[in-house]
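For reference, the structure discussed in these notes is given below.
The values are calculated or read from the model by the stated rules, or taken from the named source; none is laboratory data. In this text the structure is predicted, and so the values were computed from the model without any measurement. Please note: Cβ atoms are built from the backbone with ideal geometry, for glycine as well, and neighbour counts cover all protein chains shown.
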């Protein structure tokens, strides 16, 4: 009841509603721009939240996440260029529908499925986040260290590219986090007499660098995207049509719930998995790839559900499950909030305020999605060099605004180059971001645990929660090693034709 | 890009990472231990990270060598490919403008530096060279300045003459 009254007060007595609306509009526009992913959209909005109350700021950022997931489907359907990675599955049948003159229908399906998926996602967030945070309250320093290790292992093993590269970037992230004051003695490390590094490197500077600046550098060499017809109008599906699509809708949302709460999976995996499962369970699987409404509904419901459920590990454990939630977590840190179980204890107003803002953002998505389509198409049709150049200026201005520091801007550009090289060499970003975010927590809990045990590392296996988490970590890595190295070798041996008989 | 290109890049990056691990370990060894330190000391965790990175780098090197020796994947696209070089060239150009912005902003101020950045980036990315680029870039810079300084109250570099 307290939660409900807090949520109501936040909605009626603060700027939560306009913030949700602004975040949503920003998110849809950002998501609709090819190359500007949901995480970059959130990162670009971050500097505009500095003067705001933390609750309002995070509502705005989380609403942008919600909006970006829908916005990504607009260019996916109209020009076969997904605005966000998670809209790539939508592009397959969405563009086919567009070619058949059914783009309005595809956009309508995407909007309705996204809204329903989003509401299911936020419902699951409200249902799961606090109970999980209560469990996390029982965590001791060794358990927290093991949780950080498990989070990094999950992300590293599930990341694109090889698992070894995931672990390398995760370790590099922890190294970046080690710059600045030592958590126990306060001795500065790796600062090389630079006053700007005395407080350490802000995770948000790293994130904007490796997500946004690296993307802009990559986009510079890419050809311009196609232009869309400005005459498109949304055609909403009838209730009868929606009822006929219920299986795909539920499949997409179900997979979205599961993938959202699993760190490392994210909206893209959920969308493609939903596409495949919807096809498997469809009465008309032969229509997939030829403009099937089910193929729009399932991935869109999935990636919009993930926008809510990906916040579960972020808020309950302080471990972001995707690039977008990593930026959101960075936003919370920037506003003086430490995500994790204590967030629910210390800042219940914030938690319930954010929940209420997210419900409103998902409800508003429906009317806003209809109204904003024409401006989005207009923006997508602007010349790419202009759009990218303004965005570059906005990124660099935003990073300066974090701490009034040109050093931070230079650092952000450095991480942009690093991100560009990581992309070139096939290294995943997310483990590094997670390492930067979790670095302080992992080190301080490691040292606290050893201080409690008098230097005995056995504490990590004598603490039952820590032991359970370490076993989960070992199982996960072993399974990944098996699927990456042993199974392909075995399959290759089995597939090898038998040598001809000498008889 | 072919498997061979990937594997060779893995080998190169593995060697670089091994170097990074070594450097980090040397630097960690130079950290001063405070009397306030615990048993792990200020060097303990960085040393652990250096060992971990070294181990992962060696694993990547070994994996790449095995793939190169056993499977001998065919050679493919390389950095010498004209299209690849063009793409990297475009990125390097944009990077140079961004660095130029950081160097110029404290001297000529935010508005002028951002105007130059936008105009140069627009031109570099293929827009037709026309006098309208400058006023359009200036308008963009002024809008950003107004939003940050006037609306959000965040000061931007004023430059030496303000």
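So residue B:94 passes all but one of these: (1) part of a helix (DSSP H, G or I); (2) in contact (Cβ under 8 Å) with a residue 12 or more places away in the chain; (3) over 18 Å from residue A:399 (Cα atoms). Which condition number does it fail?
(3)
Pick from the range A:133-172 the residues that are surrounded by 24 or more Cβ atoms within 10 Å (Cβ to Cβ), within 14 Å of chain B (Cβ to nearest Cβ) and closer than 18 Å to residue A:314 by Cα: which of them is farthest from the chain's Cα centre (by Cα)?
If we take residues in the range A:133-172 being surrounded by 24 or more Cβ atoms within 10 Å (Cβ to Cβ), within 14 Å of chain B (Cβ to nearest Cβ) and closer than 18 Å to residue A:314 by Cα, then A:145 is farthest from the chain's Cα centre (by Cα).
If you go through the range B:33-74 one residue at a time, how many are over 27 Å from the mean Cα position of the chain (by Cα), crowded, with 16+ Cβ neighbours inside 10 Å, more than 10 Å from chain A (Cβ to nearest Cβ) and without any contact (Cβ under 8 Å) to a residue 60 or more places away in the chain?
So the count comes out to 0.
It is to be established whether one or more residues within the range A:93-107 are surrounded by 22 or more Cβ atoms within 10 Å (Cβ to Cβ) and under 20 Å from the mean Cα position of the chain (by Cα).
So far as the range A:93-107 goes, no, none of its residues is surrounded by 22 or more Cβ atoms within 10 Å (Cβ to Cβ) and under 20 Å from the mean Cα position of the chain (by Cα).
Taking the condition part of a helix (DSSP H, G or I), closer than 30 Å to residue A:104 by Cα and touching a helix residue (DSSP H, G or I) at 6+ places or on another chain (Cβ under 6 Å), does residue A:305 pass? Full working, then the answer.
Details: part of a helix (DSSP H, G or I): yes; closer than 30 Å to residue A:104 by Cα: yes; touching a helix residue (DSSP H, G or I) at 6+ places or on another chain (Cβ under 6 Å): yes.
So residue A:305 passes the test.
Of the numbered conditions (1) modelled with pLDDT under 90; (2) in a helix (DSSP H, G or I); (3) out of contact with any helix residue (DSSP H, G or I) (no Cβ under 8 Å at 6 or more places or on another chain), residue A:350 satisfies every one except a single condition; which is it?
It fails just one condition, (3).
Please tell me if residue B:154 is away from every other protein chain (no Cβ under 11 Å) and over 24 Å from the mean Cα position of the chain (by Cα). Break it down stepwise before answering.
Values: away from every other protein chain (no Cβ under 11 Å): no; over 24 Å from the mean Cα position of the chain (by Cα): yes.
It is false that residue B:154 is away from every other protein chain (no Cβ under 11 Å) and over 24 Å from the mean Cα position of the chain (by Cα).
Identify all residues within the range A:173-200 that are more than 7 Å from every other protein chain (Cβ to nearest Cβ), surrounded by 14 or more Cβ atoms within 10 Å (Cβ to Cβ) and in a helix (DSSP H, G or I); write none if there are none.
Of everything in the range A:173-200, those that are more than 7 Å from every other protein chain (Cβ to nearest Cβ), surrounded by 14 or more Cβ atoms within 10 Å (Cβ to Cβ) and in a helix (DSSP H, G or I) turn out to be A:173, A:176, A:177, A:196, A:197.
Criterion first (surrounded by fewer than 24 Cβ atoms within 10 Å (Cβ to Cβ), touching a helix residue (DSSP H, G or I) at 6+ places or on another chain (Cβ under 8 Å) and closer than 21 Å to residue A:53 by Cα) does residue A:368 satisfy it?
Values: surrounded by fewer than 24 Cβ atoms within 10 Å (Cβ to Cβ): yes; touching a helix residue (DSSP H, G or I) at 6+ places or on another chain (Cβ under 8 Å): yes; closer than 21 Å to residue A:53 by Cα: no.
Here the answer is no, as residue A:368 does not meet what is asked.
State yes or no: is residue B:99 in a helix (DSSP H, G or I) and surrounded by 13 or more Cβ atoms within 10 Å (Cβ to Cβ)? Even if it seems obvious, please write down each step before you answer.
On the way: in a helix (DSSP H, G or I): yes; surrounded by 13 or more Cβ atoms within 10 Å (Cβ to Cβ): yes.
The answer is yes for residue B:99.
Find the helices (runs of 4 or more DSSP H) located wholly in the range A:392-503 whose residues include 2 or more that are touching a residue at least 40 places away in the same chain (Cβ under 8 Å), and list them. Steps first, please.
Values: elements: A:406-424, A:430-453, A:459-462, A:464-481, A:487-495.
Here the list reads A:406-424, A:430-453, A:459-462, A:464-481.
Within the range A:380-401, can you find the residues that are within 19 Å of residue B:159 (Cα to Cα) and more than 7 Å from chain B (Cβ to nearest Cβ)? Step through it out loud before you land on a result.
Initially, the range A:380-401 is screened for residues within 19 Å of residue B:159 (Cα to Cα), giving A:393-394, A:396-401.
Within the range A:380-401, A:398, A:399 qualify.
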